[in-house]
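Participant: Take this structure first; my questions come after.
Derivation of every value follows stated rules applied to the coordinates shown; laboratory data play no part. Computed from a prediction, not measured in an experiment: that's the story for all the values here. Cβ sites come from the backbone with ideal geometry, for glycine too, and all protein chains shown count toward neighbours.
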Amino acid sequence: MNTFYDRWLGGRQGAIGLLLLALLIFIILPLFLDIYRLNNVGKYLTYAFAAVSLVMLWGHAGILSLGQGIFFGVGGYCMAMYLKLEASDPASTARQTTPGIPDFMDWNQITQLPLFWEPFHSLPFTILAIFVVPAVLAYIVGAAMFKRRVGGVYFAIITQAIAAILTILVVGQQGYTGGINGITDLKTLHGWNINTDSAKYILYYINGVLLVGVILLCRYVLSSKLGRLLLAMRDKEDRVRFSGYDVSNFKIFVFSLSAIISAIGGAMFTLQVGFMSPTFVGIVPSIEMVILAAVGGRLSLIGAVYGALLVNYGKSAFSETFPALWLFLMGGLFIGVVMFFPNGLAGLYQTYLKPSVDRFLDKLTRKSSAVKPAALSDKKEAVE
């Protein structure tokens, strides 16, 4: 019990924070929001996966990636490929020149389904690909960089360049990827209509459960010896290396783990929103994901979720009125947080609210411990 409480839940403070987040996601928001707004919140929560992955990668391992959109997009495209194939059955595409293939392939005069699309007829393969493809891609990039001790700003620039290259590749190969329009008109998941209101509710809850599960997993990793080594590597990398540890392997592991977490968010985004396009793969969304982690607190897993909710809500509200100014506001927000609130919302909580919460919890603990002996004494007297 103590192992689960301390390592998975993060002790008393971690358990309370996770409980409050669960109440917000699973009870409060569904009670007070209609399905349209709740679906928007579900979309914001998919970005929270990327923010949580950056807390692991940037906050605890000291590796700043400006390309998390790569893995978010890979997970999203894997899911979109399965959904598109299911929506492109011969009956639904009978009017095409070549029935049975996605419409954008038919428009680009492709007459046969490409070989790399074939396995995505299978849902189990698709789910496996959402985990394996980003992990393999991250391993290749990580091994190429970290084994050569490339890090810091150079690694950040390289990941940004890879995000740009992948965006150009997706847009350029329109016949195979849907191009700039992406993969759209997604209808069913294994025969289940994902566009109904009831389906959106179910997907919202699945999204929330997966997010809580990812937070628990990350807490377990951070509370282990590996987590302590990641912090030591972030602060004194040379000392960890001189102690006999292979620092590059730790970096590759946490980079691959963060890639898988981001890909889960991308897959849920595709299900929640109903399409996937290269606009969620490139440099701009990757930088926005860094901002989400910075605003929430790059050392706090739960703070990253609140950062994702707050920033994305602000983006939706502000961009409706001043769409041209939103990017400037995002840049100013990032600079302001880094300069004045380096630990984000979680840092503000630690500084101003945590002392009051601790005093309140201590009072409750003392009262409960005082009530128990009194109750036992009354019971003893009654027996006598």
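Participant: Arrange 339, 276, 330 by Cβ neighbour counts within 10 Å, fewest through most, would you?
Facilitator: 339, 330, 276
Participant: In bins 5 Å wide, starting from 0, what share of all Cα pairs of the stretch 171-280 does each bin hold, as a percent?
Facilitator: 2, 10, 15, 14, 13, 11, 10, 9, 9, 4, 2, 0
Participant: Which length gain, in nm to one decimal place, applies between residue 351 and residue 173 when the Cα-Cα distance is subtracted from 0.36 nm times their residue separation?
Facilitator: Extra length from residue 351 to residue 173 when fully extended: 59.1 nm.
Participant: For the chain, take the longest principal axis of its alpha carbons; what is the angle in degrees between that and the long axis of helix 11-23, to the nearest 10 within 0 to 90?
Facilitator: 50 degrees
Participant: For the chain, take the longest principal axis of its alpha carbons; what is the angle in degrees between that and the long axis of helix 152-172, to the nearest 10 within 0 to 90?
Facilitator: With both axes taken from Cα atoms, the answer is about 40 degrees.
Participant: Moving on. Please list, in order along the stretch 241-257, the HN-Hα scalar couplings obtained from phi with the Karplus expression 6.51 cos²θ - 1.76 cosθ + 1.60 (θ = phi - 60°), rounded to whole Hz, x for Gly and Pro.
Facilitator: 5, 5, 7, x, 8, 8, 4, 4, 5, 5, 5, 4, 4, 5, 5, 5, 4
Participant: How would 298, 7, 234 line up from fewest to most surrounding beta-carbon atoms within 10 angstrom?
Facilitator: Listed from fewest to most nearby Cβ atoms, that is 234, 7, 298.
Participant: Determine the dipole magnitude for the chain: charges of +1 sit on the beta-carbon of Lys and Arg, -1 on that of Asp and Glu, nothing else is charged, the reference point is the Cα centre, and the result goes in debye to the nearest 20.
Facilitator: Using Cβ point charges on Lys, Arg, Asp and Glu, the chain gives about 1380 debye.
Participant: Let me ask you something else. Tally Lys and Arg at +1 and Asp and Glu at -1 over the other residues with C-beta under 15 Å from the C-beta of residue 154: what net charge comes out?
Facilitator: With Lys, Arg at +1 and Asp, Glu at -1, the neighbours total +3.
Participant: Report which label in (i) 40, 27, 21; (ii) 28, 26, 24; (iii) 33, 25, 22 holds the value of semi-axes √(5λ) of the Cα gyration tensor in Å derived from the coordinates of this structure.
Facilitator: So the calculated entry is the one marked (i).
Participant: In whole Hz, what ³J(HN,Hα) sequence does the stretch 337-348 give by Karplus (6.51, -1.76, 1.60; θ = phi - 60°), x for Gly and Pro?
Facilitator: Running phi through 6.51 cos²θ - 1.76 cosθ + 1.60 with θ = phi - 60° gives 5, 5, 7, 10, 10, x, 9, x, 4, 5, x, 5 Hz.
Participant: For the chain, build the charge dipole from Cβ charges (+1 Lys, Arg; -1 Asp, Glu) around the Cα centre, then report which of 262, 172, 305 sits farthest towards its positive end.
Facilitator: The listed residue farthest towards the positive side: 305.
Participant: For each of 47, 36, count neighbouring Cβ atoms within 10 Å of the residue's Cβ, then give the residues from fewest to most.
Facilitator: The most exposed by this proxy come first: 36, 47.
Participant: To continue, here is another question. Given the pairs 43/225; 43/187; 147/236, which are separated by over 23 angstrom at their Cα positions?
Facilitator: Pairs exceeding 23 Å: 43/225.
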